[in-house]
Amino acid sequence: MAKTSEIFFRVRDGGFRLGLYPPYGPSRNRKADRAKRNPPLIARTLLALSLLLPALTHAAALDQFKAFVANTKSARGEFQQRMVKEEGGKLRTSNEASGSFAFARPGKFIWTYRKPYQQVLQADGENLYIHDKDLNQVTVRALGDALGSSPAAILFGSNDLDKNFTLTEAGAREGVEWLQAIPKSKDTQFEKIGIGLKDGVPVAMELRDSFGQVSVLSFTKFEKNPALPAGQFKFVLPKGADVLQQ
């Protein structure tokens, strides 16, 4: 797997279709015809609910997401990441990785890859440190506005996401409500980002870059607002590490 701090994913448009049977043909039983043309109140109510339910389901994703951003100041959990590519009409998975994360808004996070290699991405609110343990090398970059339109901003940035993303509903799949985020900035390599929410927390992300590459993130053991140790996000330079300043 290429050693990179970027993350990707796929978004599938949600939706529904309501089919109606052809109208009843003429009948000698006018009373029966009238009943068919004017179904009982319960039937009409169920039909109305069937039309309303998809709209309510779609609205839940945006509501859940905004509540998550507003009320979650810190979090920690585990993740799995994989690349997904369509070949010959089938989805092929590759470059699987896994690890853990912790963050405190705004701009402080630790994203730790454990498999298939060890790498740590850590930000203290001012700088981003990328530590390659195999090479014992640390790359340092100024954080600045780098989070703005990046996928990391969705989890780790400020709560002013409407400034950097256009958010729209993307339907429900397998019990997960999906939201689509399209970066407003043209100076980004990501075309769109899918955010899957369940029970008020993100459970998955789908990210697609401008080259059509897709990466899938799944979150587990997601804990909101844990008591994180003071100074957890302060990066300590490993002994003997080479430092590259960018």
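About its Cα centre, the dipole of the stretch 57-216 is roughly 180 debye, where the only charges are +1 on Lys and Arg Cβ and -1 on Asp and Glu Cβ. Determine the shape class of the stretch 57-169: with a ≥ b ≥ c the square roots of the Cα gyration tensor eigenvalues, call it rounded for a/c under 1.5, and otherwise prolate if a/b is greater than b/c, oblate otherwise. Taking the square roots of the gyration eigenvalues as a ≥ b ≥ c, the stretch 57-169 is oblate. Subtracting the Cα-Cα distance of K115 and S218 from 0.36 nm times their residue separation leaves 35.6 nm of extension gain. Taking amide H as placed 1.01 Å from N in the peptide plane, the amide H of A204 sits under 5 Å from that of G196, F219, each at least 5 places away or on another chain. In plain terms, the chain from A230 to A67 could stretch by 56.1 nm, reckoned as 0.36 nm per residue minus the Cα-Cα distance. Toward the positive end of the charge dipole of the stretch 134-246, about the Cα centre and with charges on Cβ (Lys, Arg +1; Asp, Glu -1), which of F211, A152, F165 goes farthest? Value: A152. Residues whose amide H comes within less than 5 Å of that of L143, counting only those at least five positions distant or on another chain, are N127, L128 (H built at 1.01 Å from N in the peptide plane). The phi-based Karplus calculation (6.51 cos²θ - 1.76 cosθ + 1.60; θ = phi - 60°) puts the 3J(HN,Hα) values of the stretch 182-193 at 10, x, 7, 6, 7, 8, 8, 8, 9, 7, 7, 10 Hz, whole numbers, x for Gly and Pro.
Assuming R0 = 30 Å, what is the FRET efficiency of L244 and S94, from their Cβ-Cβ distance, to the nearest 0.05? After rounding, the FRET efficiency stands at 0.60. Partners of K224 within straight-line reach, counting lysines whose Cα lies under 18 Å from its Cα and excluding those fewer than 8 residues away in the same chain: K66, K73, K108, K198.
Say a paramagnetic label sat at a point 7 Å from the Cα of E86, along Cα to Cβ; which residues of the stretch 186-208 have their backbone N under 20 Å from it? So the set is 190-196, 205-208.
Using the Cα gyration tensor of the stretch 165-246, with a ≥ b ≥ c the square roots of its eigenvalues, what is the shape: rounded (a/c below 1.5), prolate (a/b larger than b/c) or oblate (neither)? Oblate, since a/c reaches 1.5 and b/c is not below a/b. Here the dipole of the stretch 145-233 is about 60 debye; that uses its Cα centre as origin and unit charges on the Cβ of Lys and Arg (positive) and Asp and Glu (negative). Pairs spanning more than 28 Å between alpha-carbon atoms, out of K115/K192; K90/K186; K115/K163; K133/K184: K90/K186; K115/K163; K133/K184.
Accessible surface computed residue by residue for the stretch 93-223, with neighbouring protein chains in place and a 1.4 Å probe, gives 45 Å² per residue.
The values are calculated or read from the model by the stated rules, or taken from the named source; none is laboratory data. Source: prediction; values computed, not measured. Backbone-built Cβ (ideal geometry, glycine too); neighbour counts: all protein chains shown. What goes into the accessible areas is simple: the full protein's heavy atoms, side chains included, and nothing from ligands, DNA or RNA. Shrake-Rupley method; radii C 1.70, N 1.55, O 1.52, S 1.80 Å.
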